[in-house]
Amino acid sequence: MRVVSLRLSHFIFVLPTRFAPAVVAIAALATVACAPADDGPRTYFEDPDLQRIYSRMMEEMAPDRGWERVRYIAFDRVVDRGGDVPSRRGHRWDVWGGMYRMVGDAGGQEMVAVIDTNDPTGSERIWLDGDLVTDPALSDSLADRAHGSFINDTYWFLMPYKWADPGVNTVYLGEKGMDGRAYEVVELTFDAVGRTPQNKYRGWVDPETGLMAYWQHWRNASDPEPAFTLAWTEWTRYGPLLLSPARPDSAGYSRVNFENMEASLEMPEGMFEGPGG
């Protein structure tokens, strides 16, 4: 097995000059989100097994280079923490331009954050319970928190699309068994990128469907056992993308779910307004 550390020359996207790059940190990696450049062949990995697995997965999830063409993504991340009301964070993301809007809880107050993911504390607008935050230090702190939520939640939502990002080290581990079936397993570790580069993941790809069926997460790559193993289920098409809304455990219980999912080739108007927008 050979570790492949992606260089920019292996990166999936080539930016046409009419678009500006949106450099986005997602979990333990960095992404350049942009428009498609041409119709030439794509080489994602040097390892032929990784190339084969990822190319098929992308074709199943986002045919006709849907991942390169998608302009707008929205979703709610809903987490059951054992209380009466699940925790909810709403996300809207201009994939090409980098603008982002989050609605969530901040110390018992509703926070609405509008930031540029390329410069989260540069020109943010933050509201708490409908009031614009005018204190610069507090505004920057809340903008950083919103950016952290963006990094975490988009990775939970979009991880299979992110294997070919720069800073990701991938190893094909071959076929392994789970739930009485054989899967092709790919391990992901990270260079010094993102907020948690010490993490490690394994994606278990179903050879029949070409889709990721499970993922495993290690908080530290050196940990002997994963912190969790969860399934990716209920794959459903939204515009150009196939998305999975549930992460059930071995008992079938999904503590983390995604709702109000959208993926569009066009940017809807008025997506980055303040409260009520």
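The values are calculated or read from the model by the stated rules, or taken from the named source; none is laboratory data. Bear in mind the structure is a predicted one, so any value in this text is a computation, not a measurement. Using ideal geometry, Cβ is built from the backbone for each residue, glycine included, and neighbour counts are taken over all protein chains shown.
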Completion exercise
Residue count, region 233-253, condition basic (Lys, Arg) and crowded, with 16+ Cβ neighbours inside 10 Å, comes to 1
Exercise for the section: State whether the residues of region 56-69 include one that is modelled with pLDDT of 95 or more and of a type in the set (Phe, Trp, Tyr). Expected result: yes
Exercise for the section: Say whether the condition of being on the phi > 0 side of the Ramachandran plot, part of a loop (DSSP other than H, G, I, E, B) and touching a residue at least 12 places away in the same chain (Cβ under 8 Å) is met by at least one residue in region 194-202. Expected result: yes
Practice task
Test Tyr238 against the criterion of being free of Cβ contacts under 8 Å to residues at least 60 places away in the same chain, touching an Asp or Glu at 6+ places or on another chain (Cβ under 7 Å), within 24 Å of Arg69 (Cα to Cα) and aromatic (Phe, Trp, Tyr), and give yes or no.
Solution key: yes
Exercise for the section: Kindly list the number of the only condition in (1) in a loop (DSSP other than H, G, I, E, B); (2) without any contact (Cβ under 8 Å) to a residue 24 or more places away in the chain that fails for Asp64. Expected result: (2)
Exercise for the section: Check whether at least one residue in region 174-183 is buried (at least 16 other Cβ atoms within 10 Å of the Cβ) and either of a type outside the set (Ser, Thr, Tyr) or out of contact with any Lys or Arg (no Cβ under 7 Å at 6 or more places or on another chain) (or both), and report yes or no. Expected result: no
Handout entry: Check on Val114, closer than 18 Å to Asp76 by Cβ, in contact (Cβ under 8 Å) with a residue 24 or more places away in the chain and not hydroxyl-bearing (Ser, Thr, Tyr)
Key = yes
Handout entry: Tyr161 at pLDDT 95 or above, touching a helix residue (DSSP H, G or I) at 6+ places or on another chain (Cβ under 6 Å) and not in a strand (DSSP E or B)
Key = yes
Practice task
Go through region 70-86 and give me each residue that's modelled with pLDDT under 95 and not charged (D, E, K, R).
Solution key: Gly82, Gly83, Val85, Pro86
Exercise for the section: For region 101-116, indicate whether the set of residues that are buried (at least 21 other Cβ atoms within 10 Å of the Cβ), at pLDDT 95 or above and within 24 Å of Leu242 (Cα to Cα) is non-empty. Expected result: yes
Exercise for the section: Determine whether region 93-114 contains at least one residue that is in a helix (DSSP H, G or I) and farther than 19 Å from Pro275 by Cβ. Expected result: no
Problem - Scope region 113-168; condition in contact with a strand residue (DSSP E or B) (Cβ under 6 Å, 6 or more places away or on another chain), among the aliphatic types (A, V, I, L, M) and more than 30 Å from Gly210 (Cα to Cα); matching residues - result: Ala113, Val114, Ile115, Ile126, Leu128, Val133, Leu142, Ala143, Ala146
Exercise for the section: Name every residue in region 196-220 that is in contact with a strand residue (DSSP E or B) (Cβ under 7 Å, 6 or more places away or on another chain) and modelled with pLDDT under 95, in order of residue number. Expected result: Pro197
Practice task
Could you tell me which numbered condition Asp129 fails, if it satisfies all but one of (1) farther than 30 Å from Thr43 by Cβ; (2) in contact (Cβ under 8 Å) with a residue 60 or more places away in the chain?
Solution key: (2)
Completion exercise
Scanning region 117-126 for residues that are part of a loop (DSSP other than H, G, I, E, B) and without any contact (Cβ under 8 Å) to a residue 60 or more places away in the chain gives Pro120, Thr121, Gly122, Ser123, Glu124
